[in-house]
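S.K.: Got a structure for you, written out below as structure tokens; questions coming shortly.
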């Protein structure tokens, strides 16, 4: 019996998987704040809860793969830090392995999600896949020659921080004009806040969208559906910028497939991805872009737990 | 006995290598125009000439690795096309293998050059290396996890065509604001032509640099050395743009090393690469860029023949 675990900033999910990578039990808890020890206790309780729902116990566990929202040291199974959780230099694999008596493997959540789509979702059977996940930032993952590509320190795939506007806005990373500054949910929220303030979109004004923290993907969808042309303009522009980033990835990797995922893509669907794809096909080198498939991620939240569990088994 | 062959647009070079990858004989000829058959005859003559200089004959040959200035089908050893040579769909490996009676392997010249630096030059012992070669365009090569990365169709590494200015100039590839449009020798020549026309740089004016085809790397060096501040401004700007592209590659690959090469880098040296590196360090994510080495290619023209010969032996 194997568990895939998604350690998120707002919730944590433990999923018990059978040998066919089907989820046989799920246990989801809100992530509480607190120090490393408190979060550790929560993780253990969430795993135990999932085992209970599956009618199993710790002795049945072969491995736990944990997807972490931040950089890790994969070799030692240490969480280096997590911007949203406040964890720093925590040897989670060692501590949890000792507690549960089984093999523990850590992976970055974006990589785990892309790997899930690769072994059980939309990217099955491909060998060269770039994953792009626009959200608060823009996450990226790389499957090259059938392997998850990590680079020298496990940080490869920061696609959100390639420059698309050399004189563009300052990014949180320190650079200017990163893809994130023009194609993320945050970039859309920033521009929608003006529409909300100016009363150009009643839906946004009513939802208090002048506070960009309140602009979720569902609200963007609702404002789009209300037919406000200003909203469509903002969203379409972000999609076109995403397409420019996708074209750069096509020219860099000559991939077979680009997987688009994350909340924004899930909510807006082809309304968003079609524009991104059209821009990509217009701007990428024709010889490379011919035959590149652009697909939406298929497994939703399960991608991360399925991928984490699979990677734990393989490593 | 192995031969590495550099099939260039203006010259072709056959180098005979010993088992230590040392060049024991070289034969260089001007590349004449003509149809596939004429170019094929020239290749054969150049190989035979190199064998003669090494005191060897065709029977001593184990393999020939040929570096081609354009896209190839590596599996079949076919040159798909070469912008500068006019070759199209030519099954060179099969024809040459039949003629010489040995194993023939084709590789793109940028990949061959980077591989040469990897097996015998500045990138020895690294596993994650990005090569960037600014010239007429900007070539790119990728060594990932110790392997040359080719992507689905062998075209990976078109780093010159990532977008750094989303509303920038039209590029030859059809895209706008590609790295090539701001950081190549051609981009520098374009801006220097104005200085030549306006009489702002006597060195450039005298060399006829209003014709951008006459702006070679050596002339750029000469104009820089003459101390014209306008020339320095143009060159430094290109170096900064190159650094923006390098930062994107750092964020995408988390590499150990970036190799800079090509005529422009050879002529301008650290005058050019230091500015590019400083910009890269300022704009890449700190966690990734720490520990990235930026080095100049070491082997000059030999990189391509050494790399091509080595790849032929391995494939």
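The values are calculated or read from the model by the stated rules, or taken from the named source; none is laboratory data. Being a predicted model, the structure only gives us computed values, none of them experimental. Don't worry about glycine lacking a Cβ; one is built from the backbone with ideal geometry, like all the others, and counts go over all protein chains shown.
S.K.: Restricting attention to segment B:7-39, which residues are closer than 21 Å to residue B:90 by Cα, crowded, with 16+ Cβ neighbours inside 10 Å and without any contact (Cβ under 8 Å) to a residue 60 or more places away in the chain?
M.R.: Within segment B:7-39, B:12, B:31, B:36, B:39 qualify.
S.K.: Residues of segment B:213-239 being part of a helix (DSSP H, G or I) and closer than 16 Å to residue B:134 by Cα, which ones? Don't jump to the end; show me each part of the working.
M.R.: Going through segment B:213-239, the residues part of a helix (DSSP H, G or I) turn out to be B:213-214, B:217-225, B:229-239.
Within segment B:213-239, B:213, B:217, B:218, B:219, B:220, B:221, B:234, B:235, B:236, B:237, B:238, B:239 meet the criteria.
S.K.: If you go through segment A:40-76 one residue at a time, how many are buried (at least 17 other Cβ atoms within 10 Å of the Cβ), modelled with pLDDT of 95 or more and within 24 Å of the chain's Cα centre (by Cα)?
M.R.: Matching residues across segment A:40-76 total 12.
S.K.: Inside segment A:255-285, can you point out the residues that are closer than 30 Å to residue A:25 by Cβ and either within 14 Å of another protein chain (Cβ to nearest Cβ) or touching a strand residue (DSSP E or B) at 6+ places or on another chain (Cβ under 8 Å) (or both)? Talk me through it step by step, then tell me what you get.
M.R.: Step one: of segment A:255-285, the residues closer than 30 Å to residue A:25 by Cβ are A:259-267, A:269.
Those that are closer than 30 Å to residue A:25 by Cβ and either within 14 Å of another protein chain (Cβ to nearest Cβ) or touching a strand residue (DSSP E or B) at 6+ places or on another chain (Cβ under 8 Å) (or both): A:259, A:260, A:261, A:262, A:264, A:265, A:266, A:269.
S.K.: Okay, next question. Looking only at segment A:158-173, which residues are within 7 Å of chain B (Cβ to nearest Cβ) and within 23 Å of residue A:73 (Cβ to Cβ)? Spell out the reasoning first.
M.R.: Within segment A:158-173, the first condition is being within 7 Å of chain B (Cβ to nearest Cβ), and the residues that meet it are A:158-159, A:161-166, A:173.
Listed by number, the residues that qualify are A:158, A:159, A:161, A:173.
S.K.: Related question: For segment B:182-201, which positions are touching a residue at least 24 places away in the same chain (Cβ under 8 Å) and outside any loop (DSSP other than H, G, I, E, B)?
M.R.: At the first step, the residues of segment B:182-201 found to be touching a residue at least 24 places away in the same chain (Cβ under 8 Å) are B:182-189, B:191-192, B:195, B:200-201.
Once the filter is applied, which keeps residues that are touching a residue at least 24 places away in the same chain (Cβ under 8 Å) and outside any loop (DSSP other than H, G, I, E, B), segment B:182-201 yields B:182, B:183, B:185, B:186, B:187, B:188, B:189, B:191, B:192, B:195.
S.K.: Please give the number of the condition residue A:124 fails out of (1) more than 21 Å from the chain's Cα centre (by Cα); (2) not in a strand (DSSP E or B).
M.R.: Failed condition: (1).
S.K.: Could we say that residue B:248 is within 12 Å of chain A (Cβ to nearest Cβ) and touching a residue at least 60 places away in the same chain (Cβ under 8 Å) here? Full working, then the answer.
M.R.: Values: within 12 Å of chain A (Cβ to nearest Cβ): yes; touching a residue at least 60 places away in the same chain (Cβ under 8 Å): yes.
Yes; evaluated as a whole, the condition is true for this residue.
S.K.: What number of residues within segment A:267-285 are surrounded by 18 or more Cβ atoms within 10 Å (Cβ to Cβ) and under 19 Å from residue A:232 (Cβ atoms)? Can you show your working first?
M.R.: Of all residues in segment A:267-285, those surrounded by 18 or more Cβ atoms within 10 Å (Cβ to Cβ) come to A:267-268, A:272-273, A:275-277, A:279-280, A:283-285.
Right, trim to under 19 Å from residue A:232 (Cβ atoms) and you get A:267-268, A:272-273, A:275-277, A:279.
Count: 8.
S.K.: Right, next: Scan segment B:174-185 and give yes if some residue there is assigned by TED's automatic domain parsing to the domain that holds residue B:249, over 29 Å from residue A:180 (Cβ atoms) and crowded, with 19+ Cβ neighbours inside 10 Å, otherwise no. Don't jump to the end; show me each part of the working.
M.R.: The initial filter retains those residues of segment B:174-185 that are assigned by TED's automatic domain parsing to the domain that holds residue B:249, namely B:174-185.
If we keep only those that are over 29 Å from residue A:180 (Cβ atoms) too, we end up with B:185.
From what's left, crowded, with 19+ Cβ neighbours inside 10 Å: B:185.
Yes: segment B:174-185 contains one or more residues that are assigned by TED's automatic domain parsing to the domain that holds residue B:249, over 29 Å from residue A:180 (Cβ atoms) and crowded, with 19+ Cβ neighbours inside 10 Å.
S.K.: Against the condition more than 9 Å from chain B (Cβ to nearest Cβ) and surrounded by 24 or more Cβ atoms within 10 Å (Cβ to Cβ), how does residue A:288 come out, does it pass? Even if it seems obvious, please write down each step before you answer.
M.R.: Details: more than 9 Å from chain B (Cβ to nearest Cβ): no; surrounded by 24 or more Cβ atoms within 10 Å (Cβ to Cβ): yes.
Considered against the rule, which asks whether it is more than 9 Å from chain B (Cβ to nearest Cβ) and surrounded by 24 or more Cβ atoms within 10 Å (Cβ to Cβ), residue A:288 comes out as no.
S.K.: Separate question: Please work out which one of (1) surrounded by fewer than 24 Cβ atoms within 10 Å (Cβ to Cβ); (2) under 30 Å from residue B:158 (Cα atoms); (3) under 21 Å from the mean Cα position of the chain (by Cα) is the condition residue A:300 fails and give its number.
M.R.: (2)
S.K.: Moving on to the next point. Answer yes or no: is there a residue in segment A:91-98 that is within 14 Å of another protein chain (Cβ to nearest Cβ), in a helix (DSSP H, G or I) and over 18 Å from residue A:10 (Cα atoms). Give the steps one after another, and end with the answer.
M.R.: Within segment A:91-98, the first condition is being within 14 Å of another protein chain (Cβ to nearest Cβ), and the residues that meet it are none.
Taking every residue of segment A:91-98 in turn, none turns out to be within 14 Å of another protein chain (Cβ to nearest Cβ), in a helix (DSSP H, G or I) and over 18 Å from residue A:10 (Cα atoms).
S.K.: Let me ask something else about it. Anything in segment A:258-277 that is touching a residue at least 60 places away in the same chain (Cβ under 8 Å) and not in a helix (DSSP H, G or I)? List them, or say none.
M.R.: A:258, A:259, A:260, A:261, A:262
S.K.: In addition: Any chance you could count how many residues in segment A:128-154 are part of a loop (DSSP other than H, G, I, E, B), more than 10 Å from every other protein chain (Cβ to nearest Cβ) and farther than 19 Å from residue A:300 by Cβ?
M.R.: Counting residues in segment A:128-154 that are part of a loop (DSSP other than H, G, I, E, B), more than 10 Å from every other protein chain (Cβ to nearest Cβ) and farther than 19 Å from residue A:300 by Cβ gives 2.
S.K.: Now, a different point. Failed condition for residue B:215, given (1) under 30 Å from residue B:79 (Cβ atoms); (2) surrounded by 24 or more Cβ atoms within 10 Å (Cβ to Cβ); (3) within 11 Å of another protein chain (Cβ to nearest Cβ); (4) touching a residue at least 24 places away in the same chain (Cβ under 8 Å), with all others met?
M.R.: The failed condition is (3).
S.K.: While we're on this one: If you go through segment B:284-291 one residue at a time, do you hit one that is within 21 Å of the chain's Cα centre (by Cα) and not in a loop (DSSP other than H, G, I, E, B)?
M.R.: Filtering segment B:284-291 down to residues within 21 Å of the chain's Cα centre (by Cα) leaves none.
No, every residue in segment B:284-291 fails to be within 21 Å of the chain's Cα centre (by Cα) and not in a loop (DSSP other than H, G, I, E, B).
S.K.: Looking at A:106, A:114, A:204, which one is in contact with a strand residue (DSSP E or B) (Cβ under 6 Å, 6 or more places away or on another chain), crowded, with 24+ Cβ neighbours inside 10 Å and either modelled with pLDDT under 95 or in a helix (DSSP H, G or I) (or both)?
M.R.: On the way: A:106 fails: either modelled with pLDDT under 95 or in a helix (DSSP H, G or I) (or both); A:204 fails: in contact with a strand residue (DSSP E or B) (Cβ under 6 Å, 6 or more places away or on another chain).
Result: A:114 is the single residue among A:106, A:114, A:204 that is in contact with a strand residue (DSSP E or B) (Cβ under 6 Å, 6 or more places away or on another chain), crowded, with 24+ Cβ neighbours inside 10 Å and either modelled with pLDDT under 95 or in a helix (DSSP H, G or I) (or both).
S.K.: Run residue B:125 past the list (1) on the phi > 0 side of the Ramachandran plot; (2) within 14 Å of chain A (Cβ to nearest Cβ); (3) in contact (Cβ under 8 Å) with a residue 12 or more places away in the chain and report the number of the one that doesn't hold.
M.R.: The one condition residue B:125 does not meet is (3).
S.K.: Find all pairs meeting these conditions: Cβ atoms under 7 angstrom apart; at least six residues apart or on different chains; first residue within segment A:89-105 and free of Cβ contacts under 8 Å to residues at least 40 places away in the same chain; second residue surrounded by 17 or more Cβ atoms within 10 Å (Cβ to Cβ) and outside any strand (DSSP E or B).
M.R.: Taking only residues 6 or more apart or on different chains, the pairs are A:91/A:77; A:93/A:77; A:94/A:77.
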